[in-house]
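Inspection log for the structure reproduced underneath, given as structure tokens.
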Amino acid sequence: MSNAAGVGGTSSSFPTANTVAEFTRNLADVRGRIDAALKRAGRAPDEVRLLPVSKTVPEDRIRLAVAAGCTLLGENKVQEAKRKWRNLSDLDVQWSVIGHLQTNKAKDVAEFAVEFQALDNTRAAEALDRRLDALGRQLDVYVQVNTSGEESKYGLPPDEVVAFLKTLPNYGALRVQGLMTIAVLSSDAERVRPCFRLLRTLRDEARELDLVGPGELSMGMSGDYAVAIEEGATCVRVGQAIFGARNLPDSHYWPATAEGPSELPVDGGPAAK
Ligand SMILES: *Cc1c(COP(=O)(O)O)cnc(C)c1O
């Protein structure tokens, strides 16, 4: 784990942004790569929403990112997101929760989040709906799918997605926007691509049954967003390529992930030419 260089290089190829100008540069760089991927795929320039992911980033640096134009930030852990929401309430920024929800934290998410991207079980749907109702709020949600087949990952098995989506109209406070996935962690475009294709296929199937709202596809992170865009992503969740490399291993965020060097990212670049 000490050496993450692995197959694809080191995560130090994500320079840390410490000033507003550096955030502006990183954001422009990522947007440029998004636009290039869209172009390669023959898609329109405005078809992808960039969700900057600020997990582990301290609040003083988040202030710089907001000054550089970020208006919605993704956080993986509810407690951390809530603390930041509180401490940064003077800023014009909103919060998207993109990590697993323990039912006892549904109240918090209902209170501060504008979006929840990791819905994968009925208890969470019920708890969120109840808490939202009590607050008179609604919440945009994405259903998370485990497209990599790795036991460690959260998300519904692909063959349970349609049945789960069919239950969601019972929860009037949840506005289903689409599907979300984390691909297999690999710097090899041809290993991650099938995960993204699978999510799109499921979305198409669900859309035909009118089960998935606008049918957004949240897929792609710093190491693989170009491939995800080629496969139809409409939202990419990008942390390290904007904020800089994280020190913690991915097992910290997806707790059951096996130890060992991840092959993660190199570069959000045109990995899949
Ligand atoms: C951390 C995280 C991301 C962003 O990963 P980066 O490698 O920082 O781009 C995206 N999605 C989820 C669910 C995450 O937890």
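The values are calculated or read from the model by the stated rules, or taken from the named source; none is laboratory data. Predicted, not measured: the structure shown is a model, and the values here were computed from it. In case anyone asks, the SASA skips ligands and DNA or RNA and just uses the protein heavy atoms, side chains included. Shrake-Rupley method; radii C 1.70, N 1.55, O 1.52, S 1.80 Å.
Surface listing: Leu199, Leu50 arranged by accessible area from highest to lowest gives Leu50, Leu199, probe 1.4 Å. Scanning residues 5 or more positions from Glu216 or on other chains, those with amide H under 5 Å from its amide H are Gly178, Leu179, with H placed 1.01 Å from N in the peptide plane. Averaging sequence separations of C-alpha pairs under 8 Å and six or more residues apart, then dividing by the length of region 142-195, give the relative contact order as a whole percent. Taking the mean separation of contacting Cα pairs over the length of region 142-195, I get 42 percent. The ellipsoid equivalent to the alpha-carbon distribution of the chain has semi-axes of 27, 23, 18 angstrom, derived from the gyration tensor eigenvalues as √(5λ) and listed largest first.
With the cut-off at 1.5 for a/c, could you classify region 6-95 from its C-alpha gyration tensor as rounded, prolate or oblate?
Since a/c reaches 1.5 and a/b is larger than b/c, the shape of region 6-95 is classed as prolate.
Per-atom-type breakdown for the chain gives carbon and sulfur 48% of the accessible area (1.4 Å probe, protein chains only).
Give me the 1.4 Å probe accessible area per residue for the chain, excluding ligands and nucleic acids, in Å².
Details: 11970 Å² over 273 residues.
Counting only protein heavy atoms, the per-residue value for the chain is 44 Å².
Among the listed pairs Lys77/Lys166; Lys55/Lys166; Lys39/Lys107; Lys105/Lys153; Lys39/Lys166; Lys82/Lys153, those with a Cα-Cα distance over 30 Å are Lys55/Lys166; Lys39/Lys107; Lys39/Lys166.
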